[in-house]
1. Quick one: which of K78, K129, K135 is in a helix (DSSP H, G or I), crowded, with 19+ Cβ neighbours inside 10 Å and not β-branched (V, I, T)?
2. In the stretch 11-34, which residues are open to solvent by 30 Å² or more (accessible area, probe 1.4 Å), more than 17 Å from R76 (Cα to Cα) and not acidic (D, E)?
3. Please go through the stretch 138-164 and pick out each residue that is surrounded by 14 or more Cβ atoms within 10 Å (Cβ to Cβ) and either over 30 Å from S226 (Cα atoms) or without any contact (Cβ under 8 Å) to a residue 40 or more places away in the chain (or both).
4. Look at Y301 and say whether it is open to solvent by less than 30 Å² (accessible area, probe 1.4 Å), modelled with pLDDT of 95 or more, of a type in the set (F, W, Y) and at negative phi.
5. May I ask you to verify whether R26 is at pLDDT below 95, assigned to a helix (DSSP H, G or I) and within 16 Å of the chain's Cα centre (by Cα)?
6. Can you tell me how many residues within the stretch 280-297 are closer than 12 Å to V238 by Cα and out of contact with any Phe, Trp or Tyr (no Cβ under 8 Å at 6 or more places or on another chain)?
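The values are calculated or read from the model by the stated rules, or taken from the named source; none is laboratory data. Every value quoted in this text rests on a predicted model; they were computed, and no experiment measured them. All Cβ positions, glycine included, derive from the backbone under ideal geometry; neighbour counts span all protein chains shown. Side chains are part of the model used for accessible areas, which takes the heavy atoms of the whole protein and leaves out ligands, DNA and RNA. Shrake-Rupley method; radii C 1.70, N 1.55, O 1.52, S 1.80 Å.
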Amino acid sequence: MQIITGTRQFQIEEPTVVTIGKFDGRHKGHQKLLREMLAQKKRDHLATAVFTFDMAPMGVVLDRPMTVITTNQERRNKLERMGMDYMVEYPFDKTVARMSAEDFVRDIIVGQMNAKAVTVGTDCSFGYKGAGDAKLLRELAPRYGFTATIIEKEQADHRDISSTYVREQLDLGHIEKANALLGEPYTIFGTVVHGRHIGGAILGFPTVNILPPAEKHLPPFGVYVSRVKIDGILYGGVTNIGRKPTVEGNNPVGVETFLFGVERELYGKAIEVQLYHFERPEQKFGSLDELRARIEMDKEYAAGYLKEHPAVVDE
């Protein structure tokens, strides 16, 4: 997948089918839309192109940071895995926010992205104050020489599947439900860094640590049954998200995982932590001995859960 990022000066030469959106989470609704694009690619001989912004637009409009289910890097990984040809992460600022909907379609979607087809969801919005919608897109299509395809929303429990719905479930610690909406496990991608070596040297449980970026939307602090993808292979694990309150000091928010059956050096390695089940909230223990005993229980619980819930190979 060719990623165009950090610039407004670009030109896609081959004809494309384009979609527009944040694609935060790449949930089941997004997947339905992306599969339609892949069908159009095969049928009409078009390259697939995703237009998104390099940050959440509301973060600029409201002048405050916004959390995301998938960071830019995670979103790239997922879209590439699904087979997209191009991804444009367009720089977003208040000048871009004031661009009219028609100018956006004419100059960027058709002009720069060479769209011959545009495929979006029923709730798509673009242009100044989100004035552009599916209805306007249909009106502009014959004027600017593209076809418009509008995809109905996917639903679960009589509710539209959306990034907001996924966030709500994550905030409640309902990992299984969030994963069902996503159509895949909720993941945290990162590079293994050195921790304080409490796990291996003192507790006897060597772990891998990653530090999620500030914009990553995390579930409640606590212990989770997990699997970790390393070099394409999944390993079972127990993951703690939080600040390690039992360990003295001002600890940053981290994602620390004990891996079953992995003893090799992983510092500097890019890994993907997949969460499956919320076991318990993070808590402060009276001593490291108490913490060690609890970790043994967590490991036993996780091993049983993973045995009962075999991994499903993702697409």
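1. Working: K129 fails: crowded, with 19+ Cβ neighbours inside 10 Å; K135 fails: crowded, with 19+ Cβ neighbours inside 10 Å.
Only one candidate qualifies: K78.
2. Across the stretch 11-34, the qualifying residues are Q11, P15, K32.
3. Step one: of the stretch 138-164, the residues surrounded by 14 or more Cβ atoms within 10 Å (Cβ to Cβ) are 138, 140-141, 144, 146-151, 153-154, 156, 160-163.
Selection gives R138, L140, A141, Y144, F146, T147, A148, T149, I150, I151.
4. Details: open to solvent by less than 30 Å² (accessible area, probe 1.4 Å): no; modelled with pLDDT of 95 or more: yes; of a type in the set (F, W, Y): yes; at negative phi: yes.
Here the answer is no, as Y301 does not meet what is asked.
5. Details: at pLDDT below 95: yes; assigned to a helix (DSSP H, G or I): no; within 16 Å of the chain's Cα centre (by Cα): yes.
Considered against the rule, which asks whether it is at pLDDT below 95, assigned to a helix (DSSP H, G or I) and within 16 Å of the chain's Cα centre (by Cα), R26 comes out as no.
6. 3
Rundown of residues vs (1) among the polar types (S, T, N, Q); (2) modelled with pLDDT of 95 or more, yes/no style:
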residue	(1), (2)
R143	no, yes
Q169	yes, yes
H174	no, yes
I188	no, yes
H194	no, no
A201	no, no
N209	yes, no
P213	no, no
H217	no, yes
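Quick grid of which residues meet (1) touching a Ser or Thr at 6+ places or on another chain (Cβ under 8 Å); (2) open to solvent by 40 Å² or more (accessible area, probe 1.4 Å):
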{"site": "E215", "(1), (2)": "yes, yes"}
{"site": "G236", "(1), (2)": "yes, no"}
{"site": "N251", "(1), (2)": "no, no"}
{"site": "F258", "(1), (2)": "yes, no"}
{"site": "E265", "(1), (2)": "no, yes"}
{"site": "A270", "(1), (2)": "yes, yes"}
{"site": "L275", "(1), (2)": "yes, no"}
{"site": "I295", "(1), (2)": "no, no"}
{"site": "Y305", "(1), (2)": "no, no"}
